[in-house]
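A short worksheet on the structure shown next.
The values are calculated or read from the model by the stated rules, or taken from the named source; none is laboratory data. Note that the coordinates shown come from a computational prediction; the quantities given were computed from them, not determined experimentally. Neighbour counts run over all protein chains shown; Cβ positions are idealised from the backbone, glycine included.
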Amino acid sequence: MRNKEERKGCCKDDKFISEVQSIMEDEETIFLLSDFFKNFGDSTRLRIMGALFNGEMCVGTIADVLDMTGSAVSHQLRVLKASRLVKARKEGKLVFYSLNDDHIKMIYKMGIEHILE
């Protein structure tokens, strides 16, 4: 944090600073948000999420769609599931994966819209 000497000539407004500080998220929430967005920073995970826009799929189908190995897809799905970006549904011996909720779709679509504008 800058000391008062360094802020001379700045548009410092103590009341405004206090108001902003009072509405900002706490450190733990920011840490969790950062961790959440790390998953969107991996192109393989984004490809998996993009594939799951078309509905739930098992590992083998995702692997075929993305031309990847099943083990590579499984590894990334574990990470996505741990971050609650995807969910799993078991049917017999098969596990079907889908996007966890509409928030994930919205974040993904907003990112695509942003880079295409």
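So for region 2-21 (the condition being within 30 Å of Ile115 (Cα to Cα) and outside any helix (DSSP H, G or I)), does at least one residue qualify? Within region 2-21, not a single residue is within 30 Å of Ile115 (Cα to Cα) and outside any helix (DSSP H, G or I).
Checked against the criterion of being part of a helix (DSSP H, G or I), closer than 26 Å to Leu33 by Cβ and over 16 Å from the mean Cα position of the chain (by Cα), the candidates His75, His103, His114 yield just one match: His75.
Please work out which residue is surrounded by the fewest Cβ atoms within 10 Å (Cβ to Cβ), limiting yourself to region 65-117 and to residues that are of a type in the set (Val, Ile, Thr) and touching a helix residue (DSSP H, G or I) at 6+ places or on another chain (Cβ under 8 Å). Per the stated criteria, the residue is Thr69.
Only one entry of Asp64, Asp14 meets the criterion of being more than 13 Å from the chain's Cα centre (by Cα), at pLDDT 90 or above and charged (D, E, K, R), and that entry is Asp64. Selection of first residues in region 64-92 that are free of Cβ contacts under 8 Å to residues at least 12 places away in the same chain and of second residues that are in a helix (DSSP H, G or I) and surrounded by 14 or more Cβ atoms within 10 Å (Cβ to Cβ), restricted to Cβ pairs under 7 Å at least 6 apart or on distinct chains, gives the following pairs, ordered by first then second residue: Thr69/Ala63; Gly70/Val59; Gly70/Ala63; Ala88/Lys81.
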